[in-house]
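**Q** The structure follows.
The values are calculated or read from the model by the stated rules, or taken from the named source; none is laboratory data. Just so it is clear, the structure is predicted and the values come from calculations on it, not from any experiment. Cβ coordinates were reconstructed from backbone atoms using ideal geometry, including for glycine residues, and neighbour counts include every protein chain displayed. Protein only, heavy atoms only, side chains kept; ligands, DNA and RNA dropped before computing areas. Shrake-Rupley method; radii C 1.70, N 1.55, O 1.52, S 1.80 Å.
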Amino acid sequence: MADKENVNPNGQSNGQTNGTNGNAQGGDAEKHSEGKLAAAKDKLTDKQQKLRDKNNPPGGHDDTPIPTARDGYTVKFTFHRAENLPISDINPRSSDPYIQATLTSTLPKRHKEDPDLVLRTPTIHENVNPEWNTEWIVAGIPSSGFRLKCRLYDEDPSDHDDRLGNVTINVGRIGPHWRGIRNESFDIKKRMGSKRAYFVRGCASMLNSNVHMGGILWMSAEILGESEKPYGCMYTVGRTYWFKHFSPMIGRLAGTKAPEDEDGINKGESEKSKAEKYDFQANQFQLQGPVPAELYHRFVEFKPFVKGMFSKAGVRGRILNSALHHQHSRVYNFSKSTENGIVKPKSEEASLQFLKMVHYDEGGRIFTYVLTLDGLLRFTETGKEFGIDLLSKHTMHSNVNIYIACSGEFFIRRLKHPKEPTDAPDQETHPNTDLPGGPPNGPPPEDPRNYELVIDNDSGTYRPKAEYLPFLKEFLNENFPGLHIVTKECTDKELDKMKEEQRAKKKKEGKNVNMVQNSDDISSSDEERLNNTGKKTKRQKAFDALEDPAKAVKEMMSGGKGRVEREEREAAEDRVEVDGGRSGV
């Protein structure tokens, strides 16, 4: 007979069992212990992953290949002239027009965030019938055609630029037998223009029947031939243009002073110079592409808010993104003081112009640079002037672009033996060594062979990979013939020593970037804010925005509200614009 468990009259066990319940309880405890151990391991793994993510945040070099294409052609666009533009400035009853052209095609991008190809023409001041004759040569345009959107603006450094209208050119097919566009006229769409710009024209047309509301743009486009392989992206090959921007406002913030006259002595001062004006120089130099495909870097998400700042996600992201765009437009501000020119591509003339823009080897200067995906080199002098930065000087230089080619710092040194390698045993350089035949006791020699360009990857925003610096060296060697190019990893101790030597020399013999200009790009409100020293710095305002975005909106966007509103309005207009054929045809 089988054993039976004794139960009480109520049907409950009297506690005499065969051990099954005890084993179950022990098993539950063991499982509980294993669960706690697994949770602890998961927690430790999460912490280790967060630490790895912190040390290696997303971003930096991106090895995504350029999409392939079956063909590509080189096309020269020419922006000839415009006629009958509206009067945007009541006094002197004229406009300061320029064109911003954006070129797109059916070619897929490496990433959708890659910027479009853009060209800005020089400004023709006080003219409603301007002549630019600006050429833009672009390679890699596919046979499936292109879309060229020309936005015409009135330059207004003290406010926001008014749009004078649009011309959109759609070409569905190109090839060796494409006839091109031969100095043809296109009607400028007024509905994309500023109401303020067309108000005066409307009043005049009501009083005089000979005054017409519509403007016209003359354009040309011709195929120069098949582009070099491989195909897959469009890039600028000409013209090699340069711009120098001067900003008294930034000069005030930076403490960068310009002397009163060429001798640096103010009239009425008998002994020592007393600088009265401020200035700051920013530079742009279009190099001939293509930029090496290996030079492709994304911003690094080193802080939680950085991703939102670049993608304009959330209130904080939008505020910081707009503020940095505004800062970029202030530093690279176009005005009557802006200088520009064209040089022969990949020539010693280009090398010499670059050396002029960095003031040769004078003063131990160090520059911050960004090289865009289309080969546009932007740079300014580095130093206390970047105490005005919001979060990152490279973010400002890139205009908050998600992807760029490379970024870092560079400086120029004069060689004792121009015909010898830069690493020759008896080679010496200025400014760390006093050398005859140049600054500070004489004018700099005007031959690029006398100089070396030391350039690095010192950028916390994009963190360019050191192993790709040889591609940067090759690209710069091609664009600046004669100039000795030396690339250095930012962690190189020798580079640190060289930079310290530059800074020491700047304290001893350095001159500020001096160029006396009229304050045509600083408004009275800017002057008022600058004279009030009790207000917060831009860096303080930026970090305040992280804590209280709503409060920071009014503080940070003062002075830039008009420009931001204009950009947002134009983006909305562009989205609703109906794509059609060529305007005026």
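**Q** Could you give the dipole magnitude of the stretch 280-509 about its Cα centre, charging the beta-carbon of Lys and Arg +1 and that of Asp and Glu -1, in debye to the nearest 20?
**A** 1140 debye
**Q** Contact order normalised by length for the stretch 280-509, with contacts defined as Cα pairs under 8 Å and 6 or more residues apart; what percent is it?
**A** Once divided by the residue count of the stretch 280-509, the mean separation gives 26 percent.
**Q** Step through the table entries 307/499; 473/499; 190/336; 76/346, compare each Cα-Cα distance with 28 Å, and write down the pairs that go over it.
**A** On the way: 307/499 31 Å; 473/499 19 Å; 190/336 26 Å; 76/346 18 Å.
Going by Cα-Cα distance, 307/499 fall outside the 28 Å limit.
**Q** Spin-label point model (7 Å from Cα, Cβ direction): what's the residue 183 to residue 84 distance in nm?
**A** 2.0 nm
**Q** What does the charge count near residue 345 come to, summing +1 for each Lys or Arg and -1 for each Asp or Glu among other residues with Cβ under 13 Å from its Cβ? Spell out each step's value before the answer.
**A** Working: positive: 239, 344, 346; negative: 135, 348, 349, 478.
That sum, taken over residues with Cβ under 13 Å, equals -1.
**Q** For the stretch 486-503 and the stretch 104-133, what is the separation of their C-alpha centers, rounded to whole Å?
**A** Their Cα centres are 37 Å away from one another.
**Q** Something else about it: Excluding ligands and nucleic acids, what accessible area in Å² is computed for residue 136 using a 1.4 Å probe, to the nearest 10?
**A** 0 Å²
**Q** Largest first, what is the accessible-area ranking of 471, 310 with a 1.4 Å probe?
**A** Values: 471 65, 310 10 Å².
Putting 471, 310 in descending order of accessible area: 471, 310.
**Q** Provide the solvent-accessible area of residue 68, counting protein heavy atoms only and rolling a 1.4 Å probe, rounded to the nearest 10 Å².
**A** Near enough 120 Å² of accessible area.
**Q** At R0 = 30 Å, how high is the FRET efficiency between residue 311 and residue 71 if r is their beta carbon distance? Nearest 0.05 is fine.
**A** 0.30
**Q** Further question on the same structure: Pulled fully out, how much extra length does the chain show between residue 493 and residue 106, if you take 0.36 nm times their separation in residues and subtract their Cα-Cα distance?
**A** Stretched fully, the residue 493-residue 106 segment lengthens by 134.7 nm.
**Q** Take residue 131 and residue 226, extend 7 Å from each Cα along the Cα→Cβ direction, and tell me the distance between the two endpoints in nm.
**A** Output for this residue pair reads 3.8 nm.
**Q** Mind listing the long-range amide H neighbours of residue 289? Cut-off is under 5 Å, sequence gap 5 or more, other chains count too, H placed in the peptide plane at 1.01 Å from N.
**A** Distant-sequence amide H within range of residue 289: 236, 237.
**Q** R0 = 41 Å: FRET efficiency of residue 147 with residue 294, Cβ-based, nearest 0.05?
**A** For R0 = 41 Å, the calculated efficiency reads 0.90.
**Q** Shifting gears a bit: Going by the alpha-carbon gyration tensor, a ≥ b ≥ c the square roots of its eigenvalues, is the stretch 103-176 rounded (a/c under 1.5) or, if a/c is not under 1.5, prolate (a/b greater than b/c) versus oblate?
**A** In terms of gyration-tensor shape, prolate.
**Q** So, in nm, how far is label residue 441 from label residue 302 when the simple model puts each one 7 Å beyond its Cα toward the Cβ?
**A** The modelled label-to-label distance comes out at 4.2 nm.
**Q** Also: Provide the percentage of antiparallel DSSP beta bridges, counting only those with both residues in the stretch 280-509; round to the nearest 5.
**A** Around 85 percent of the beta bridges assigned by DSSP in the stretch 280-509 are antiparallel ones.
**Q** Report the extension gain between residue 449 and residue 434 in nm, rounded to one decimal, defined as 0.36 nm multiplied by the number of residues separating them, less their alpha carbon distance.
**A** The residue 449-residue 434 span can extend by a further 3.6 nm.
**Q** Would you grab the residues whose amide H sits under 5 Å from the one on residue 81? Only those 5+ places off in sequence or on another chain, please, with H modelled 1.01 Å from N.
**A** Excluding prolines and chain starts, which carry no amide H, the hits are 132, 133, 218.
**Q** Over the stretch 281-399, what is the relative contact order in percent, taking alpha-carbon pairs closer than 8 angstrom and at least six residues apart?
**A** 36 percent
**Q** Under the classification rounded if a/c is under 1.5, otherwise prolate if a/b is larger than b/c and oblate if not, where does the stretch 65-154 fall, given a ≥ b ≥ c as square roots of the Cα gyration tensor eigenvalues?
**A** prolate
**Q** Sum up the charges of everything whose Cβ sits under 11 Å from the Cβ of residue 469, counting Lys and Arg as +1 and Asp and Glu as -1, but leave residue 469 out. Provide the component values of the computation, followed by the final result.
**A** Details: positive: 465, 473, 488; negative: 294, 456, 467, 474, 489, 492.
Charge balance near residue 469 sits at -3.
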